[in-house]
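K.L.:
Just passing along the structure, written as structure tokens.
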Amino acid sequence: MKSLKRRGQAWIIFKEVAAASNSLKSLQGFPFYNKPMRIAYAKTKSDVVAKADGTYVERPKKIVKREDIRKKATTTHAPPEIKTVSTPANSAHSAASQKSIQDRIGWNPNQTAAKSATSSGKPAEPNRTLFVENLPAEATDTMLSMLFRQYPGFQEVRLIPGRNVAFADYQNEYQAGMAMQGLQGFEMTPEVRPGVRYSTIPKGPSQAVHEVSQIGYAI
């Protein structure tokens, strides 16, 4: 959102109330950028829904007076730059402030791609199926779909029960590679950072379960 008061908020519109209720229950508390999401129904009807059911009423436009613009310009005028000498105390304060900002936006500069090796020690050839490991116990198909559908070409995700691993399918290997790079090292919780890599052998749901049980999910 553009306003500071609404930063970190979003409105998602569903075609049916049942779909909205299902998403609310499934994703309530889902860790996003190391913070649990808080989801609730909107207090007012969206313009899209109102236009669809014929109850839309155009809101009056806000009139901005010249005096308000002049006052805003004077209050936001930048003060002259003051040069200061850096001291150890100032450096420590700056580092603490930077750390606070990083915590608020969920950014971790030390977050690197997790290194994963296959059972044979050789990296898998690029293909359209990704293998996801080290998932938190509370992970669900809905949660994983929310993460992987951010990238184009997403088809489905298959969570293997009791193994903390999953498979994500894309239309082609290029799209799968984009998702792998984007989600590699993503922190679902402060303690858990799943690993994402190409699956050695792309498989369907039943074949994937059999493969996991046979070789200890190192596909």
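The values are calculated or read from the model by the stated rules, or taken from the named source; none is laboratory data. Given the structure is predicted, the values throughout are model-derived calculations rather than measurements. Heads up, the Cβs are rebuilt from the backbone with ideal geometry, glycines too, and the neighbour counts pull from every protein chain shown.
K.L.:
Restricting attention to the range 147-184, report how many residues are under 13 Å from the mean Cα position of the chain (by Cα) and surrounded by fewer than 17 Cβ atoms within 10 Å (Cβ to Cβ). Working first, answer last.
P.N.:
Our first condition is that a residue be under 13 Å from the mean Cα position of the chain (by Cα); within the range 147-184, this holds for 147-151, 179, 182-184.
Filter once more, so that each one left must be surrounded by fewer than 17 Cβ atoms within 10 Å (Cβ to Cβ): 149-150, 182.
Residues that pass the stated criteria total 3.
Residue-wise test of (1) hydroxyl-bearing (S, T, Y); (2) at pLDDT below 65.
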position	(1), (2)
N34	no, yes
A40	no, no
K43	no, no
A52	no, no
K65	no, yes
T75	yes, yes
P79	no, yes
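K.L.:
In the range 151-163, how many residues are assigned to a loop (DSSP other than H, G, I, E, B) and at pLDDT 90 or above? Spell out how you get there, then give the answer.
P.N.:
First, the residues of the range 151-163 that are assigned to a loop (DSSP other than H, G, I, E, B): 151-153, 161-163.
After this cut, where a residue has to be at pLDDT 90 or above as well, the list is 151-153.
So the answer is 3.
K.L.:
I've got another one for you. On the given criteria, is N172 over 30 Å from P36 (Cβ atoms) and modelled with pLDDT of 85 or more? Show your work before the answer.
P.N.:
On the way: over 30 Å from P36 (Cβ atoms): yes; modelled with pLDDT of 85 or more: yes.
In short, yes.
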